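The values are calculated or read from the model by the stated rules, or taken from the named source; none is laboratory data. Values in this document were obtained by computation on a predicted structure and should not be read as measured data. As a convention, Cβ positions derive from the backbone with ideal geometry for all residues, glycine included, and neighbour counts pool all protein chains shown.
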């Protein structure tokens, strides 16, 4: 019996030592490390936004200096302006529509008979939902698209981690606003014709996911102000 008692105390001591070594003086039952990571992501997102603004201002200065005396002809200047417009680095003015997506209420239930009660994934906006809207707007002839406060270009990637959007180094939470310049009627028709959005609308009607499409009249989209360097692409040999 004494041997058994000594064994129990020895095991308890080992567990205590292991817990102490793992925790290193911290509370291992809290989410403090996750909170610190979240704070770091938000800090980096804010810093990236500030760098984008600085980069955009410097780009404007460089372009102004280049236009002052670059020795180019008017035809060359017009061609360059057209390329910049297509690349999304210049402001774009025109009629626009805005699509707003939002999470459903956390206590949402099925509104229509024959549908199961929602799982957590049913109630949040996912990456494929945002991509479906962007793709449909391009399909509808959009000349330029802005997601939240950033202009999309050919290398832009709309990505989500959970229900958080990460776009070009910056982090956003719902509601998500996607604004596109083009023919409003054609873009709205493309949204209605998209199979992916038709599937999304089922969740809108059954579980209350947010969906709103508005015509904005004439607006001006900002030019893309971030870097255009391809950090991971390799030339084809």
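Please tell me if residue 145 is within 17 Å of residue 94 (Cα to Cα) and over 10 Å from the mean Cα position of the chain (by Cα). Step through it out loud before you land on a result.
On the way: within 17 Å of residue 94 (Cα to Cα): yes; over 10 Å from the mean Cα position of the chain (by Cα): yes.
Against the criterion (within 17 Å of residue 94 (Cα to Cα) and over 10 Å from the mean Cα position of the chain (by Cα)), residue 145 qualifies.
In region 109-125, which residues are surrounded by fewer than 17 Cβ atoms within 10 Å (Cβ to Cβ) and part of a loop (DSSP other than H, G, I, E, B)? Within region 109-125, 109, 110, 111, 112, 113, 114, 115, 116, 117, 119 meet the criteria.
Being more than 19 Å from residue 222 (Cα to Cα) and modelled with pLDDT under 95 is the filter here; which residues of region 68-104 pass it? Before you say what the answer is, go through the steps one by one.
Restricting attention to region 68-104, the residues satisfying the condition of being more than 19 Å from residue 222 (Cα to Cα) are 68-79, 101-104.
Selection gives 68, 69, 70, 71, 72, 73, 74, 75, 76, 77, 78, 79.
Does residue 155 satisfy the condition of being outside any helix (DSSP H, G or I), surrounded by fewer than 20 Cβ atoms within 10 Å (Cβ to Cβ) and touching a strand residue (DSSP E or B) at 6+ places or on another chain (Cβ under 7 Å)? Judged against the criteria, residue 155 is not a match.
Looking only at region 199-209, filter to residues that are in a helix (DSSP H, G or I) and in contact with a helix residue (DSSP H, G or I) (Cβ under 8 Å, 6 or more places away or on another chain); which one of those is nearest to residue 112 (Cα to Cα)?
Applying the first criterion (in a helix (DSSP H, G or I)) to region 199-209 yields 199-207.
Now narrow it down to the ones that are in contact with a helix residue (DSSP H, G or I) (Cβ under 8 Å, 6 or more places away or on another chain): 200, 203, 207.
Working: 200: 15, 203: 10, 207: 9 Å.
Taking the candidates together, the pick is 207.
From the list 90, 168, 179, 150, the lone residue that is crowded, with 18+ Cβ neighbours inside 10 Å, at positive phi and touching a residue at least 60 places away in the same chain (Cβ under 8 Å) is 168.
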